[in-house]
1. Between region 49-70 and region 235-297, what is the C-alpha centre distance in whole Å?
2. What ³J(HN,Hα) values, in whole Hz, does the Karplus curve 6.51 cos²θ - 1.76 cosθ + 1.60 give for region 20-27 when θ = phi - 60°, with x put for Gly and Pro?
3. Modelling each spin label as a point 7 Å along the Cα-to-Cβ direction, I'd like the L147/S243 distance in nm, to one decimal.
4. Can you tell me the mean projection area, over all orientations, of the convex hull of region 170-260's alpha carbons? Units nm², please.
5. For region 304-350 and region 142-167, write down the distance between their C-alpha centroids in whole Å.
6. Report the equivalent ellipsoid semi-axes for region 223-372 in whole Å, largest first, defined as the square roots of five times the eigenvalues of the gyration tensor built from alpha carbon atoms.
7. Between I81, T93, Y262, whose Cα lies farthest towards the positive end of the dipole of the chain when Lys and Arg beta carbons carry +1 and Asp and Glu beta carbons carry -1, centred on the Cα centre?
8. Describe numerically, in nm with one decimal, the distance between label points set 7 Å from Cα along Cα→Cβ at L291 and at L197.
Amino acid sequence: MAEVHELGQAERKRFWTSDMEAIIAITLVLLILGTINVFSASFVFAEAEFDTPYFFLKRHVINVVVGLIAFIICFRVDYHIWRRAIVMILGFTIFALILVLIVGPVVNGARRWLPLGITQFQPAEMAKLVSIMIAASYISLRVKLQLPLNVFTLQTGIISLMFALTELEPDMGTGCIILGIPILMLCIAGLEGKKILALTGVGIAGIAGLIIREPYRLERLKITYDPWSDAQNYGYQTVQSLSAIGSGELTGMGLGVGVSKYDYLPEAHTDFAFAIFCQENGFLGAILVFLLFGAFAIYAARIANQARDEYGQILAMGIMLLVVGQAIANLFMVGGMMPVVGVPLPFISYGGTSLIITMASIGILTNIGRQGVKRT
């Protein structure tokens with residue numbers, strides 16, 4: 001009886017009873033932090049451009065609601081359903097990627113969004129999740145049958161097509177996620193060493209070609225580790241971002257008080273939203289975000305490990321890489337450790353399609369965890 005009592009006390013001390021609940025709790029905390037930060041980082045620009053400080057907040061709240069609906073649907077639907085529907089989902093995604101190149105409005109020299117009334121849809125964001133589903137389907141089947149993994153397959157060709165269509169927008173950062181995460185999934189799943197070396201060579205050559213194709217990319221790369229050498233041009237965003245982060249010091253200037261959003265830092269509420277977050281919440285706030293994404297990675301990996309089949313394991317791993325990988329890329333970009341690539345920080349940055357797809361992905365992840373719990 002004493003052992004049962006001690007076990008009961010141990011269970012009560014836990015914040016949650018499963019890894020699935022942990023993921024949900026972390027997601028809700030990030031959603032709250034992100035909503036506060038989106039408003040704080042955007043109200044100055046919104047007031048100047050749209051005569052209301054709540055312009056972006058209202059749209060963000062709508063996106064949060066839609067994202068929660070997407071989460072609930074994906075949480076309740078068996079994740080195997082998406083595998084059976086992948087051809088239809090893929091067809092829609094490729095159609096949308098082509099359509100945006102034809103009718104999408106040009107914003108900052110790129111066609112990335114399809115207008116849908118009061119909101120916009122970014123097909124490339126959906127392509128991120130679809131590429132993971134395709135890769136998970138192929139990898140899990142090969143693993144189940146104990147067959148060697150290959151790089152140059154039909155699935156890789158389809159994912160490369162989505163990458164190419166995204167690059168035409170142009171959006172190299174998103175394109176690299178679409179293609180890069182499935183490749184990383186292959187490597188983690190057990191791709192042979194010699195194939196990894198060959199793939200690395202092809203990847204380096206491909207990235208070099210993409211950088212040369214657009215001269216501004218080469219300039220961004222050159223000033224990555226010394227943005228002050230071109231502080232008024234290609235290094236401007238990085239210099240302003242680092243200035244915002246540094247001025248936050250330990251505890252921050254205070255919510256809504258950050259000054260960099262006053263026309264100093266471009267994209268203050270989107271790609272560089274974390275810089276404003278650091279300025280207003282300081283080093284302690286930044287550490288909180290780091291810990292939340294770190295915990296997300298740990299619990300998502302546990303869900304992958306406990307999944308009931310190979311497909312669930314690989315898909316959960318891919319979703320973890322999608323969310324945490326984008327977070328790492330954005331944090332490195334905002335911190336001046338990699339070139340500006342236009343990758344948002346999940347939850348913290350403003351972005352409707354990105355948030356909705358992220359919530360749908362987490363819904364699938366928690367469904368995998370839910371079924372894993374049922375199995376045990």
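Each value in this text was obtained by applying a stated rule to the coordinates, not by laboratory testing. Quick caveat, the model's predicted, so the values are computed rather than measured. A quick note on method: Cβ atoms are made from the backbone with ideal geometry, for glycine too, and the neighbour counts reach across all protein chains shown.
1. The two parts, judged by their Cα centres, are 21 Å apart.
2. Using θ = phi - 60°, the values come out as 4, 5, 4, 4, 4, 5, 4, 4 Hz.
3. 5.7
4. On the way: hull surface 36.1 nm².
Seen from a random direction, the Cα hull of region 170-260 projects 9.0 nm² on average.
5. Between the Cα centres of region 304-350 and region 142-167 lies a distance of 19 Å.
6. Rounded to whole Å, the semi-axes are 33, 16, 13.
7. I81
8. Result for the modelled spin labels: 4.4 nm.
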